Amino acid sequence: MQSAGQAAGPDPVGAGVGLAGGPGGGGREREAVGRHGPVVSLGQVGPWGAHPVCCRHEASDNRPVTWGEPGRWGRSAWSAVPLRDASWPVRVTGVIALLGALAQALPMPANVTRGMSSTVSMAVSTVFITLAVRQLPPGRRDAFRIIHLGCLTWLAAWALFVYYRIHDPQMFPSPGDAVFVVAYVPLVVGVLMLNRQRSGRLAFGPLLDASIVTVSAGVLTVAFIVLPTVRNTGMTVTARLFGSVYPLLDVLLLFLVAQMLVVRATRDPARWWLTAGIVTTLVADILQNVIVLRGGHDFPGWMFVLWALLFVGIGVAADCAGQEARKVTAPGPVSAAEADAGGGLTVARLVVLTATAGLPSLVLLLTSRNRADSYEGYLSAGSLLLLVMVTFRIWDLLRVLKRQAVRLSEVARTDPLTGVANRRSWDFELARGLAAATRTGPVLLTGLLDLDHFKKYNDEHGHQAGDDLLREAAQTWRRALGTDGYIARWGGEEFAILVRCDDEADGLLAIDALRGIVPSGQTCSIGAARWDGQEDAEALLHRVDEALYEAKHAGRNRLVRSSPVLESVPEDHTSSISSITRVGES
């Protein structure tokens, strides 16, 4: 936000900028002590949706209740977060603040009336933000407290600004302008703290992207706003100083917006609302600069609404942060991979960065096109051409890197000898299979296949023949399993398989059929087990390994099925299982 007083004019109040409040939202939770002790309700509906849960928790005495304490129904699974009921004053104050902000668009009988109205609206908005910030838990409150300090400073600045515009319309800068500049500091610091709280660290890639956007806007701001203001000898030194500082502060706000947009780790509702509030303020400031540069002094009421939406965004952001803190599972720290995820250079981001970086040169080309004796146009056109060429080169490198990443991913997931999945991919696929079986409920069979007498075969035919046998067996089994099965090399001459089926007996028959297609006339032993729906992957594989051990020691070339009790088979499948386990025994 900036003062328009840098363009001296007769308008005492209309030349200023007003802020008004926000729509409020989520309430501060309080205890409601009744006959049965504190009764707390989470889940009341606020202007932006319901709280995450709705439940009733009572204590046996009249004392504050926290989640995690024993109640009438035993110990709660909630984390120990201070319990506050969503209070109606926060919501009501937020609605009043929103109405006050929207009211700035209404016709006013005089500029003095608009100034007083915006002051009252800003005061109500500040109260709303105060209540919204107070509902935050201690761990989430620090950054919003600093932003709240900036709002209080802004309120004081606006009150001074209006006062001096009424009593001395020609005064610029006024004490209010000085306080306005100071108010930017806690706002910037608070937003930076919010970004760091969620992402844990500032990744270089997103930081560089935000800097590119900011530098581009800063160059244009300096060229078309700051330098003309500094060279305006009709203004006092202090007036030129403040007239130059305000646009630069807007560039700083643009940096905050760009950073929040490019960092994926900070994309939560609280930061989206805060970003939206800052964007509306930037739009209003840009329009204000355009009006001032054209010699205007009056600003329409809807511009005051845009400025007011900054406080709206801050209030709603604080409420969203409070709702997030009251969820069952608090957000954990973001890993390094997640923090860097927002910094990936996609094609879309490359196009945006290229357009942003080339904007100053494009503006220079357009402004110098009528000066035939100037080299500025040629230099700017050449700069744009070089920028486009460099962009295409980077795009080509991205394609190469993408192809290499795909190949590296395949190498990391594939056994180099047999071409089937490796142990790492098996662990992932097994975990995914267990999760899918939990949701959808199909039968999930796991097996281990071991080539019989592989060492003897290797010694008799050579290591190359042994490698060929492993490769041919793996590919033959993969084709036989089809889309319903999964095979991976477990290690050495052992392979692990997953089979999803509707009937256990049919699945076991399909697994046992793999014994009959071993290449080069060789045989294999198989241990298999059905997942019981509760055991973890380690326990399941332990049962499969025991079944394979039994198959080996029972004479090889057979399938042994493990159940929670080895060789315990349901009656309806006894005949099928028996036929499988007897194959190859004679």
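The values are calculated or read from the model by the stated rules, or taken from the named source; none is laboratory data. Nothing here was measured: the structure is a model prediction, and the numbers come from that model. Neighbour counts are summed over all protein chains in view; Cβ atoms, including those assigned to glycine, are modelled from backbone coordinates with ideal geometry. These accessible areas exclude ligands, DNA and RNA; they are computed on the full protein's heavy atoms, side chains included. Shrake-Rupley method; radii C 1.70, N 1.55, O 1.52, S 1.80 Å.
Results, tabulated for the structure shown:
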| read-out | value |
| --- | --- |
| Solvent-accessible heavy-atom area per residue, rounded to whole Å², over region 381-480 at 1.4 Å | 61 Å² |
| Cβ-Cβ FRET estimate between residue 359 and residue 231, R0 fixed at 22 Å, reported to 0.05 | 0.45 |
| Accessible area in square angstrom per residue, region 235-298, 1.4 angstrom probe | 42 Å² |
| Accessible area per residue, Å², region 81-183 with all protein chains present, probe 1.4 Å | 42 Å² |
| Estimated distance in nm for a label pair at residue 480 and residue 423, the labels positioned 7 Å out from Cα along Cα-to-Cβ | 2.5 nm |
| Carbon plus sulfur fraction of accessible area for region 390-510, probe 1.4 Å, in percent | 56 percent |
